[in-house]
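Working notes for the structure below.
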Amino acid sequence: MLFRNRLLQFGAVLMVTVLSVVFTGTTQAQVVELVLDVGEASALPGEQVTIPVYLSNYEDTIAGFNFWVQLDRPDIMEFTTVLGEVVDTTWWQCLQWDGDVCLDSIHVSGDTTFWQCNEWNGDICTDSTMVPSGSPFDFFHLAEWDFTHIDTNQIMIGTIDSTGTLVAGWEYVDARSLGGTGHDLNVVGIANMPTPPMTPGIPLQEGGVLIKLVGTVYDIPDTMTERTVNILVQTSTLDHFGFSDPWGNAIGIVCDSIPDTSFWLCTQWAGEVCLNWQRVYGPPYDSISIDGYDIICYLDTSVVHVFDGSVTVLVPSPPLYGDVNCNGSVDIADLVYFVDYMFLGGPPSPCEENFDCDDDGEITITDLICLVDWMFPPQ
């Protein structure tokens, strides 16, 4: 319901923008290309909770994504994780040897790559394409390295649910707690890896469930008043936020060229000629030089809209003693259920605490008597 309300808000904003263009002829409408909306959920203390993450993509097929969420209340819940290990092997090529000792080295790819020639000029290939291992190829390049370095790192792998989601069947979906505490989760998905088969991405659609995050609520006391934890999507760093089309183009990312400017102050003049310049970091200055240009990339929030989510921890309702079939009322059906359980091997109650009619912490024949007395009080 919340997600639909947000879409209605988008519709209202877009309608106002369109009407403004029609009647004023001056406003430039910004078309929403993508919406990421972390949903809302609730759970009782000690329960596991599933939080849906919704996606709407209006302009491009989504073939890959990365987003990072953090919890603002680590005292209320954590994302459900399991401990795992990653073996990270790096390959190095020595640039300078001193006998058997390498003085300088560089990191190189340790993979053997396979290539298929697209155009031959006699025996010389003038154009080629790298193909997956196991595919037909014309030649290969064997990685050149002198030694390797192996690191084994422990990681916290996040529990996510892709069943029935937009990424069901994707070739790579992974989640990890970068902070190592379970209070954050970095989620990555790639529809199609280099090797066959060919897996399509997410076509244009609105409001589908991208993925489901899984968390565990702590057993917090009923007296705690602030019982909501916000799930915050981090968009300030593009290292952990981005969506891609099938051709590797980032969606909603804008890059600007910013001049790298230096300021100079003349400390000695000879008429109009400066004999000595001193670099300063701002006004006052006498001259400016541009040393180059820096590329600054950022998320265009006018076309990519992101909404945070939340989990609210409910206050448990007190047990309704005698409601052993858990239907919210106490009647003759509960008495039948109780007798069946105690004397005929019937199933236990899914809300077992309701058996304890006399509230003494034990389930005995006195609880059955208590229930009978309550239903048929002595005259």
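All of the numbers you see were taken from the coordinates with simple rules; none came from a lab. Because the structure is predicted, anything quoted here is derived from the model rather than measured. Every residue, glycine among them, receives a Cβ derived from its backbone with ideal geometry; neighbour counts consider all protein chains shown.
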Fill in: Full-extension gain in nm, Asp219 to Ser317, via 0.36 nm per residue minus C-alpha separation
33.8 nm
Discussion item. Over 5 Å intervals from 0, what percent of Cα-Cα pairs in region 58-123 sits in each interval?
Written reply: 3, 8, 8, 8, 9, 12, 13, 12, 11, 7, 5, 2, 1, 0
Practice prompt. Specify whether the C-alpha gyration tensor of region 87-152 places it in the rounded, prolate or oblate class, a ≥ b ≥ c being the square roots of the eigenvalues: rounded for a/c under 1.5, otherwise prolate if a/b is larger than b/c and oblate if not.
Written response: oblate
Fill in: Distance histogram for region 190-284 (every C-alpha pair counted, 5 angstrom bins, percent rounded to whole numbers)
2, 7, 9, 11, 10, 8, 7, 7, 7, 7, 7, 5, 5, 4, 2, 1, 0
Worksheet item: Hey, got the Cα dimensions of region 268-331 along the principal axes, in Å, largest first?
Response: 106, 26, 15
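Would you order Ser257, Ser289 from fewest to most other beta-carbon atoms within 10 Å of each residue's own beta-carbon?
Fewest-to-most Cβ neighbours within 10 Å comes out as Ser257, Ser289.
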Response to the item:
Quick calc, Glu226 & Met342: beta-carbon distance into FRET formula, R0 35 Å, rounding 0.05, result 0.25
Discussion item. Can you divide the C-alpha Rg of region 317-379 by 2.2 N^0.38 Å and report the result to two decimal places?
Written reply: 1.00
Response to the item:
For Cys255, Cys102, ascending order of other Cβ atoms within 10 Å (fewest first) is Cys255, Cys102
Worksheet entry | Order of Asp340, Asp334 under a 10 Å beta carbon neighbour criterion, fewest first | Asp340, Asp334
Worksheet entry | Label-to-label distance, nm, for residues given as Thr129 and Thr364 (7 Å Cα→Cβ offset) | 8.0 nm
Worksheet item: Between His141 and Val280, what is the spin-label point distance in nm, taking each point 7 Å from the Cα along the Cα→C-beta axis?
Response: 5.1 nm
Worksheet item: Just in region 57-100: which GluC sites (Glu not before Pro) are loop by DSSP and have at most 13 other Cβ atoms within 10 Å?
Response: Glu59
Worksheet item: 222 nm [θ] for the chain, helices only, -39500 (n - 2.57) per DSSP H run of 4+, per residue, to 500?
Response: -4000 deg cm²/dmol
Item to complete: Figure the gain on full extension for Ile106 and Asp72 (residue separation times 0.36 nm, minus the Cα-Cα span) and round it to one decimal in nm.
Response: 8.2 nm
Worksheet, complete the sentence: Dividing the mean separation of Cα pairs under 8 Å (6+ apart) by the residue count of the chain yields a relative contact order in percent of 21 percent
Discussion item. Using all alpha carbons of the chain, what is the percent of pairwise distances in each 10 Å bin, ordered from the shortest bin to the longest?
Written reply: 4, 13, 16, 18, 17, 14, 8, 4, 3, 1, 0, 0
